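Okay, so here's the structure we're looking at.
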Amino acid sequence: MSKLKSTLGIVAIAFITLTAMSCKDNKNEQNNADGNHSEMSADEDHSKMNHDNSDEHHDGDKKEMAMSGDGNSQAVLKDYFNLKNALVADDNAKAKTLGATLATTLGNFDVSSNFSDTQKAELKDIIEDAVEHAEHISESDIDHQREHFKILSKDVSDMVAITGTENTLYQQFCPMYDGGSAWLSLSKDIKNPYYGSQMLNCGKVQKEIN
């Protein structure tokens, strides 16, 4: 009987030890998962800040959040700048994803209020054309993405001319790409979406848009 008690005692101790170790392992796994999540979040934040080295640096995101006009134009501009940054970074896959995102945002643009009849008609044409080019960007290689981004930039500029923006935007111009091509930026610093790393700083500020 004493031997049986001894054996049961050993088994009980072993069970308790294994249970404690299992809990500890689960806790460590959870901590590791939480740590990895934090690292991923930090990496994502770092990545967002370094796409353009100027537009999204430090105050770039704050500027985007402060954009007014109506809520739809704010959303369009935010997605447009994200797409521009992907092209600056030569990131074809990300530009595809962001092109699709922008196409959806443009498709949800509401032109039914706060505009005159003439402005509504103009905005409708602008948005339809912009959606088409954003969709092409979502399906194309990076060279074709940049071709469509040129026309998309013209559409977004025309949209801003109607909707307005509280932030100062900078229309920038590259004389080298396709006979001369413009794009919008939140910063005066030139980060060229048409050439990316090949000629990152090719271009100049053409005008300010207030």
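The values are calculated or read from the model by the stated rules, or taken from the named source; none is laboratory data. Keep in mind that what you see is a predicted model, and the values were worked out from it rather than measured. Cβ atoms come from the backbone with ideal geometry, glycine included; neighbour counts cover every protein chain shown.
Evaluate the following for E139: is it surrounded by fewer than 16 Cβ atoms within 10 Å (Cβ to Cβ), assigned by TED's automatic domain parsing to the domain that holds A75, within 16 Å of K96 (Cα to Cα) and not aromatic (F, W, Y)? Yes, satisfied.
To keep it simple, each residue is scored yes or no on (1) in contact (Cβ under 8 Å) with a residue 40 or more places away in the chain; (2) hydroxyl-bearing (S, T, Y); (3) in contact with a Cys (Cβ under 7 Å, 6 or more places away or on another chain); (4) under 22 Å from L186 (Cα atoms).
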position	(1), (2), (3), (4)
A103	no, no, no, yes
Q119	yes, no, no, no
Q145	yes, no, no, yes
D155	no, no, no, yes
I162	yes, no, no, yes
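So, of the residues in segment 142-164 that are in contact with a strand residue (DSSP E or B) (Cβ under 7 Å, 6 or more places away or on another chain) and of a type in the set (S, T, N, Q), which turns out to be surrounded by the fewest Cβ atoms within 10 Å (Cβ to Cβ)? So the residue we want is S157. When D125 is tested against (1) surrounded by fewer than 16 Cβ atoms within 10 Å (Cβ to Cβ); (2) in a loop (DSSP other than H, G, I, E, B), only condition (2) is not met.
Within segment 154-177, can one find any residue that is over 22 Å from Q74 (Cβ atoms) and part of a helix (DSSP H, G or I)? Yes, segment 154-177 contains a residue that is over 22 Å from Q74 (Cβ atoms) and part of a helix (DSSP H, G or I).
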